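Read the structure below first, then the notes.
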Amino acid sequence: MAFALTPKPTPMGTPTPTRRHALRLLAAGGLGVGSGLCDVLAQAAAPAVVTLDRARPQMLSGVMSGDVTDRRAIVWSRADRPARMIVDVATTESMQGARRIVGPTALEASDFTARIDLSNLAPGQTHFYRVQFQDLANPKVYSAPLAGRFRTPPDRASNTPRDLVFAFSGDEAGQGWGIDEARGGYRIYEAMRRFEPDFFIHSGDQIYADGPLQAEVKLDDGSVWKNLVTPAKSKVAETLADYRGAFAYNLLDAHKRRFCAEVPMLVQWDDHETRNNWFPGQRIGEAEKRYQERSASLLSARANRAMFEYNPMRSNPVDPARVYRAHRMGPLVDVFMLDERSYRGTNSSNRQAAPGPAADFLGPAQTRWLKQALAASRATWKVIASDMPLSIIVPDLNVDVPPGTFEAWANADDGAASGRELEVADLLRFIKQSDIKNVVWVTADVHYASATHYRPEHAQFTDFKPFWEFVGGPLHAGTFGPGEIDKTFGPEVKFVSVPPGMKQNRPPSDGLQFFGIGRVDARSKVLTVSLHGLDGTPLYSVELPPEA
């Protein structure tokens with residue numbers, strides 16, 4: 001696999017205002033909580049020093065695309081005032097023959113975020129788009145345009161083979177490690193961008209709503225990590241404005257904004273979008289002193305709204321809060337985005353002997369949907385994006401839960417499937433009985449990377465086809481691990497990115513941040529999955545030939 005060591009130029013001139021200038025604006029209220037240290041404000045012929053023209057609407061969080069299909073795509077941005085979103089889209093970078101879509105208004109009710117669901121796109125094409133906002137108070141005034149691009153997958157009938165590339169990872173701004181610009185910010189996004197992926201699977205923990213940032217953190221070597229801190233990131237998130245501010249915070253990073261402008265996003269959530277290890281109906285105990293609001297369900301409803309507002313996600317028309325969905329990425333790959341947070345039972349010892357509400361993880365409705373979607377898929381590869389790993393043991397160590405409580409699928413008994421493992425067993429049995437071919441799992445959550453091959457001959461539950469699971473992350477958070485492994489489903493751990501006995505919560509400055517790349521060869525249909533370090537260094541790779 002080729003890796004470009006020299007960054008390719010941006011599609012339009014992107015000068016960068018100084019950090020000091022942007023922080024002055026933050027302190028003075030000139031930039032909102034979600035505003036950026038933006039390097040995408042000016043057009044190609046901009047001066048070397050950027051001066052924000054406050055008379056015009058600003059798009060300080062950049063632009064994004066997501067949930068791209070062969071003929072549709074979501075385009076997202078955010079204004080700094082009431083304004084109408086306008087998008088031009090074309091199949092040439094010169095924007096010749098561009099189609100203009102006059103979109104919705106960005107108002108206070110959505111924190112001035114807006115999106116347009118583009119339709120009637122050309123399959124298998126790179127599309128270029130340009131976003132502007134029209135000031136509602138002064139309709140003659142428009143923002144400077146910001147540009148982005150995305151590539152639609154080919155339709156099923158396409159006879160033009162083209163390799164498909166995707167990236168995956170998760171866990172961002174966690175454990176007190178925010179944006180330290182002197183150390184390069186979220187450098188990993190630039191490393192991923194250089195692979196030119198067709199899409200990126202963000203496997204959750206997109207924010208750490210329960211992880212306030214300190215301005216300075218002393219490192220083991222005596223140096224100081226200096227966080228950029230906004231009001232929203234100085235406390236745990238409880239209000240809708242807090243959650244919005246936490247999502248907006250990550251878009252202060254120039255590497256992430258550039259990545260989002262060029263790579264479509266597929267986003268799911270895990271626990272830290274709300275609060276560590278939360279589950280529906282949970283009451284936060286009195287031992288947790290940081291929270292005034294004790295209902296995890298209420299907090300998660302606010303977090304869910306902020307997540308949809310701040311991501312290019314297509315809402316389900318029946319259930320706008322629904323996170324799980326399928327994406328058909330052409331004849332080579334279908335992606336199944338799971339939600340292992342919203343429908344789970346209470347975190348417990350996870351040893352239930354029979355299925356039921358206490359053992360739910362996906363829940364009955366989502367499990368039925370996943371089975372039906374997998375059975376209907378005609379893609380060569382079926383990629384299940386799980387926000388938690390299958391066999392890595394993840395205990396719930398919150399101060400307000402009893403010892404011996406588990407957070408993920410595994411329950412650490414190495415025996416027959418029980419508790420949440422019953423859902424895994426049922427799903428794996430269905431895949432085998434339905435002869436569904438070429439299923440792989442990608443995930444994050446545990447803050448190190450790994451590759452695991454599951455084989456029935458080594459398992460306690462044996463009624464399944466062999467399959468692989470790949471773990472990415474963290475994108476920019478504390479590094480942990482390696483975790484202990486539950487052997488119920490016969491995992492053979494082929495690669496782990498961190499050494500045993502490593503000191504936990506290592507800062508991003510240690511370089512132990514990871515992501516995965518999947519590449520499907522259009523002719524052979526072979527899927528090559530590789531795991532990479534912070535600067536894109538390849539660490540592990542395996543070729544998976546398709547099952548005939």
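Ala241 meets each of the listed conditions (1) open to solvent by less than 10 Å² (accessible area, probe 1.4 Å); (2) aliphatic (A, V, I, L, M); (3) touching a residue at least 60 places away in the same chain (Cβ under 8 Å) apart from (1).
Yes/no matrix, rows are residues, columns are (1) basic (Lys, Arg); (2) open to solvent by less than 20 Å² (accessible area, probe 1.4 Å); (3) more than 26 Å from Gln206 (Cβ to Cβ):
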{"position": "Arg368", "(1), (2), (3)": "yes, no, yes"}
{"position": "Leu374", "(1), (2), (3)": "no, yes, no"}
{"position": "Ser386", "(1), (2), (3)": "no, yes, no"}
{"position": "Ile393", "(1), (2), (3)": "no, no, no"}
{"position": "Ala408", "(1), (2), (3)": "no, yes, no"}
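Lys256 meets each of the listed conditions (1) touching a Leu at 6+ places or on another chain (Cβ under 8 Å); (2) closer than 26 Å to Ile517 by Cβ; (3) open to solvent by less than 10 Å² (accessible area, probe 1.4 Å) apart from (1).
Figure legend. Inter-residue proximity from the stretch 506-535: first residues farther than 22 Å from Asp198 by Cβ, second residues surrounded by 17 or more Cβ atoms within 10 Å (Cβ to Cβ) and basic (Lys, Arg), beta-carbon distance below 6 Å, spacing 6+ or different chains. Indicated pairs: Leu512/Arg506.
I'd like the full set of residues that are in a strand (DSSP E or B), over 19 Å from Ser541 (Cα atoms) and open to solvent by 20 Å² or more (accessible area, probe 1.4 Å), limited to the stretch 440-489. Reasoning before the result, please.
Going through the stretch 440-489, the residues in a strand (DSSP E or B) turn out to be 440-443, 450-454, 467-471, 476, 479, 485.
Narrowing further to those that are over 19 Å from Ser541 (Cα atoms): 476, 479, 485.
Correct list: Ile485 only.
Of the strands (runs of 3 or more DSSP E) lying entirely inside the stretch 490-546, those containing at least 2 residues that are closer than 29 Å to Thr160 by Cβ and open to solvent by less than 60 Å² (accessible area, probe 1.4 Å) are 515-520, 527-532, 538-544.
Against the list (1) within 14 Å of the chain's Cα centre (by Cα); (2) under 21 Å from Phe480 (Cβ atoms), the condition Phe200 fails is (2). Any idea which residue in the stretch 128-156 is surrounded by the fewest Cβ atoms within 10 Å (Cβ to Cβ), counting only those that are aliphatic (A, V, I, L, M) and either in contact with a Phe, Trp or Tyr (Cβ under 8 Å, 6 or more places away or on another chain) or assigned to a loop (DSSP other than H, G, I, E, B) (or both)? That would be Ala137. Checking each residue in the stretch 259-306 for being open to solvent by less than 20 Å² (accessible area, probe 1.4 Å), polar (S, T, N, Q) and touching a residue at least 60 places away in the same chain (Cβ under 8 Å) picks out Gln268, Thr274, Asn277, Gln282. Residue count for the stretch 92-127 under the criterion of being in a loop (DSSP other than H, G, I, E, B), under 19 Å from Ala261 (Cα atoms), open to solvent by 70 Å² or more (accessible area, probe 1.4 Å) and not acidic (Asp, Glu): the result is 2.
Of all residues in the stretch 424-438, those satisfying the criterion of being touching a Phe, Trp or Tyr at 6+ places or on another chain (Cβ under 8 Å) and either among the small types (Gly, Ala, Ser) or open to solvent by 30 Å² or more (accessible area, probe 1.4 Å) (or both) are Ala425, Arg429, Lys432.
Looking at Asp445, Asp435, Asp463, just one residue is at positive phi and in contact with a Lys or Arg (Cβ under 9 Å, 6 or more places away or on another chain), and that residue is Asp435.
Rundown of residues vs (1) at pLDDT 95 or above; (2) of a type in the set (Phe, Trp, Tyr), yes/no style:
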residue	(1), (2)
Ala144	yes, no
Asn159	no, no
Val165	yes, no
Gly184	yes, no
Tyr189	yes, yes
Met192	yes, no
His202	yes, no
Asp205	yes, no
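Among all residues of the stretch 210-217, there is none that is surrounded by 23 or more Cβ atoms within 10 Å (Cβ to Cβ), in contact (Cβ under 8 Å) with a residue 24 or more places away in the chain and small (Gly, Ala, Ser).
The values are calculated or read from the model by the stated rules, or taken from the named source; none is laboratory data. Keep in mind it's a predicted model, so treat the numbers as computed, not measured. Using ideal geometry, Cβ is built from the backbone for each residue, glycine included, and neighbour counts are taken over all protein chains shown. With ligands, DNA and RNA removed, areas are computed over all heavy atoms of the protein, side chains included. Shrake-Rupley method; radii C 1.70, N 1.55, O 1.52, S 1.80 Å.
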